[in-house]
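Below: one structure, written as structure tokens.
The values are calculated or read from the model by the stated rules, or taken from the named source; none is laboratory data. In this text the structure is predicted, and so the values were computed from the model without any measurement. Quick reminder, even Gly has a Cβ in these numbers, built from the backbone with ideal geometry, and neighbours come from all protein chains shown.
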Amino acid sequence: MTTDTNRNKGALLMCLSALMFSSMQIAIKMSGNTVPLMEQVFFRNIVSLIISFIIIKRTGGLLFGTKEHQPLLFVRSSFGFFGLVAMFYASAHANQGDVSTLMKLSPFLITLWAAIFLKEKIQKVQLPALLIAFAGAAFVANPAFNSNLFPLFMAFLCAIFSSVSYTLLAYFKNKVDAMTIIMHFSTFCVLATLPFIIYDFTIPTLKEFFLLILIGIFGGLGQIALTYSYRMAAAAEISIYNYSGIVFSIILGYFFLDEVLDITSFIGCGLVIAAAAITYFLSGSKADS
């Protein structure tokens, strides 16, 4: 079992990651629908590629890992890439409440994959806490599920792709350096989007370019915090803190997008916070016993 210190660090890093990704979503929404999807994905990853490259070169690490780990690194990078594309597409073509709710299925799947493939023991408190957190997400998102079927399917695929990708982050703990994982993923995404960029590049306005840079910065920092969080604690134990993004999204949406706060938002936030608190205190006591 992980120590309390590592668990605390993992929870904090996951919350920081959720804050960064929530900030990225705000930048995406503010950039509008004028920038092509693949161009957004390109900028989302180019910043983290540069950051990871500089850190690896300074520390003398491996840029892309050893030959032994390449198959699973490619699986992690490809699933992460397809998850990003699915997320961007679903967000642009479906009701945000529907999309958010479906994508929040990811922590359930991470818990399942971690139990099956990583042999992590599911504690009794984790599934009820996940259900409470998911209920909170549903209250906030208020889904009607009246969007077109294909974008909803893409949102569901995003949950599947990202859950596999995040489970592999936990698998690589003590096997592959965190910056190497980020470098591999970022390079994969940049190379995968290059043909689309060359074919259909849209010159952004000054405002759009600034927002694209913010997407890259927030996305890069969120990716770094996320990667390190899964190195601090069990995947099933730490994934629930990803729901903190619901709270951050509500606060940021209120201040930057003039989104209205209603009673369901407060109920949802309360449920998410309660689920995180239950997991934090009860998982800790179980781990220590």
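Numerical summary
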{"quantity": "Tally of residues being closer than 19 Å to MET30 by Cβ and surrounded by fewer than 23 Cβ atoms within 10 Å (Cβ to Cβ) across segment 242-260", "calculated": "12"}
{"quantity": "Restricting segment 277-289 to residues that are surrounded by fewer than 23 Cβ atoms within 10 Å (Cβ to Cβ) and of a type in the set (Gly, Ala, Ser), the residue that is modelled with the lowest pLDDT", "calculated": "SER289"}
{"quantity": "Test for LYS119: is it over 25 Å from GLY222 (Cα atoms) and either more than 19 Å from the chain's Cα centre (by Cα) or among the aromatic types (Phe, Trp, Tyr) (or both)", "calculated": "yes"}
{"quantity": "Some residue of segment 229-241 being surrounded by fewer than 23 Cβ atoms within 10 Å (Cβ to Cβ) and either out of contact with any Leu (no Cβ under 9 Å at 6 or more places or on another chain) or hydroxyl-bearing (Ser, Thr, Tyr) (or both)", "calculated": "no"}
{"quantity": "Selected residue (only one of ALA94, ALA129 is farther than 29 Å from LYS175 by Cβ, surrounded by 21 or more Cβ atoms within 10 Å (Cβ to Cβ) and more than 16 Å from the chain's Cα centre (by Cα))", "calculated": "ALA94"}
{"quantity": "Tally of residues being touching a Ser or Thr at 6+ places or on another chain (Cβ under 9 Å), at pLDDT below 85 and not aromatic (Phe, Trp, Tyr) across segment 102-142", "calculated": "11"}
{"quantity": "From LEU191, LEU214, LEU252, residue being free of Cβ contacts under 8 Å to residues at least 24 places away in the same chain and assigned to a helix (DSSP H, G or I)", "calculated": "LEU191"}
{"quantity": "Qualifying positions in segment 1-55 - charged (D, E, K, R) and either under 18 Å from the mean Cα position of the chain (by Cα) or outside any helix (DSSP H, G or I) (or both)", "calculated": "LYS9, LYS29, ARG44"}
{"quantity": "Answer from SER186, SER162 - the residue that is crowded, with 20+ Cβ neighbours inside 10 Å, under 23 Å from HIS93 (Cα atoms) and not hydrophobic (A, V, I, L, M, F, W, C)", "calculated": "SER162"}
